[in-house]
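The values are calculated or read from the model by the stated rules, or taken from the named source; none is laboratory data. Predicted model only: the values in this text are computed from it and were never measured. Methodologically, a virtual Cβ is constructed for each residue, glycine included, from the backbone with ideal geometry; neighbour enumeration extends over all protein chains shown.
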Amino acid sequence: MESPNTRWIYLIILSIVWGSSFILIKKALVGLTPIQVGSLRIFIAGLFLFVLGFKRLRKLTKTQWKWVAIAGFMGTFFPAFFFAYAQTEIDSAITSILNATTPIMTLIFGALIFSIGFTQRQLFGVIIGLLGCMMLIWQGAEINPNQNYWYVLFIFFATVGYAMNVNLIKTHLQELSPLGISAGSFFAILLPSFIILASTGFFSAEVLQNKETQIAIGYISILAIFGSALALLIFNKLIQISTPVFSTSVTYTIPIVALLWGVLDGEQFSLLQVVAGGVILLGVILANRKKRIRKTAPV
């Protein structure tokens, strides 16, 4: 029996770990291409989880393998590349705030595909959150005219993948252990990531002997083991002991950690962007709330 406080402990840990992921991606992009960042991150995390949970893989049924593989591609494979490409043009702090739309996407796709209903208050939260996104993008383009804010589309594609992943796990993989889901999903995308990584020439002596590449590999190793493998174990457990929208509410606090890293790294951030980020988080909070049923005393 899980303690009611356990989900909050998981939420805090994930906030710190994933909040630091954006600055690690930024640093890794100094010595690696976006394709190399995404594929190497998946490959290292996949190997780590395979060693950790390969015994669980033999217990998966064919039906479970299907959903685990889909969850792996939707929730890990494509987002890893999308975020790497997004951060070639957009600051890490802004990326983290836009990532906060994940609960909104979870709500939208939960209703459209998984027939999960929502209230008028939640719909209002979705609208507010999307307006905050537009404000943030507009202000970011004003402050950083040299950055291509069309790259925010990569972030939205990633959040859609996260939303689909959460609903898939909650709907089809609830009976599996977090380690089984994590190891299975990464095993399904391990070979494609290796093929992509090899096709970039990553394993050539010229690339591996480059000082910037070696430093970047260090950043990606930290990101893969802590930000992908171990964090995914915690996140999958969080999904199982809470609701899909609560699980993705980790994105409330991720931007706080990421913003602190961004400021320390010299990223520009205006007051209006802070306001826009607050509007997004307000929308997410409203989208996460359900109408309480008022209890009446017995007559």
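What to note about this one:
- Picking from residues in segment 20-47 that are farther than 15 Å from Gly218 by Cβ and surrounded by fewer than 23 Cβ atoms within 10 Å (Cβ to Cβ), the one that is modelled with the lowest pLDDT is Leu47.
- Meets criteria (touching a Phe, Trp or Tyr at 6+ places or on another chain (Cβ under 6 Å), assigned to a helix (DSSP H, G or I) and modelled with pLDDT of 75 or more) for Gly161: yes
- Extreme residue, surrounded by the most Cβ atoms within 10 Å (Cβ to Cβ), among residues of segment 205-251 that are of a type in the set (Phe, Trp, Tyr) and farther than 12 Å from Ser21 by Cβ: Phe235
- The residues listed here are Phe83, Phe124; of these, the one that is under 16 Å from the mean Cα position of the chain (by Cα) and either in a helix (DSSP H, G or I) or modelled with pLDDT of 75 or more (or both) is Phe83.
- Taken over segment 190-233, the residue count meeting the criterion of being in a helix (DSSP H, G or I) and either more than 26 Å from Ile70 (Cβ to Cβ) or of a type in the set (Ser, Thr, Tyr) (or both) is 18.
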